[in-house]
Amino acid sequence: MDFPSYTEGVFATNSSGNYSLETTKLPPSKILLSLTLSVLAILTTFFNCLVITAIAVTRKLHHPANYLICSLAVTDLLVAVLVMPFSIMYIQKETWHMGQVVCTIWLSVDITCCTCSILHLAAIAIDRYRAITDAVEYSRKRTGARAGAMVAVVWLLSILISLPPLIWRHYSGDAEQEDQCIMMHHHITFTLYSTLGAFYIPLLLILILYYKIYRAAQTLYMRREASRASRHSCMTNGSMIPSSYPAGDGDGDGGPRSPEPISPPEKSFSEPSTEEPPRERVRVSVKAFHCKSRRHESRSESRSDSRSESRRSQFYQGPRISGSRERKAASTLGLIIGAFVICWLPFFVKEVIVNTCSSCSTSMEMADFLTWLGYLNSLINPLIYTIFNEDFKKAFQRLVRCSHYL
């Protein structure tokens, strides 16, 4: 992903432009680097194809939340297929030999797809924020058409962010440099426009939304613990409240349901395909009704001490399980934000520094490393957003085993 730079940028080349037969023999370090980058491109292609195929053929994964993940996988697949191979050849030869038409197309796909991948992460954060903070109302609005509209908006914004620098490069005369494929200009405005729209604004949005998601999840966790305390008060009077939802209690959108209570943080962060809206008020009222009825029943029933002890042990086991799920959700959230920041922040910091400081520059090796560190996010995305979801795990296992019963 090569943003505008008036110094030797991400794929800077030697100024001589000489390409003799002696240079065709690559040193071992270049061969090893090319093989390593090729492996990364192949792995990125494989995992994103696996996610797309799993969502396409597994009926249980046909959920609006997973449509965003599928679109993210498609975008990352485009990065692996259309961007990475040209980058490997460019790094290997250190000059551009495929003409300026191909150069313009490659730069367009590079910037647009990388920007679109980042904006997809922001769209997923928005979707999960609405799913946990306004679950009942959002479950009615969370349709496939709405998910498709979000994907269309993401692609439109990506094109609008990427187009101005490309147009400026075409009319500024930089394309006359036949041995290079970079964008060079002297306008800081384009740098700020590109970096703010492609990274810094989405980063701020992601941080704010996931912080609010975590706080909302903590609030729901406290409410659940309060309902557990109410259940315990019923137990002390000789009754036990069942832990499942009332009959007929399900999602309005017809999504998957779980027969036992789950941790809201876990479902919001790592399992968007099986999110369910919280119904704390309904559950508390139902439990209160059961408490009153069970108290009358317990007066006419004799219960052994062993059964009471076993049920108390079941109750005290619940908070421990919930706490572990909350820690798992928090760790998943940390992985999502941490991977995104580690992969893209160094690149965009470099772009701002190089394009705002006339005396600042970066080496070709460092620029290539930072660029591929950003590309690496396209490999990490399909792993982070699916590996913590049990439905995806089962679908992957069946695909790997070539099972036809999905």
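We did not get these values from a lab; they are worked out from the coordinates using the rules stated. Everything quoted here is computed from the prediction, not taken from an experiment. Here the Cβ is made from the backbone with ideal geometry for all residues, glycine too, and neighbour counts use every protein chain on show.
Measuring between alpha carbons in the structure, the pairs from K212/K394; K25/K93; K60/K394; K30/K93 lying more than 21 angstrom apart are K212/K394. Taking amide H atoms as placed 1.01 Å from N in the peptide plane, the amide H of W96 lies under 5 Å from those of Q180, each 5 or more residues away in sequence or on another chain.
As a rough guide to protection, the peptides 354-366, 104-116, 68-80 ranked by mean Cβ packing within 10 Å, highest first, stand as 68-80, 104-116, 354-366.
Rounded to the nearest 20, the Cβ-based charge dipole of the stretch 46-167 about its Cα centre (Lys and Arg +1, Asp and Glu -1) stands at 520 debye.
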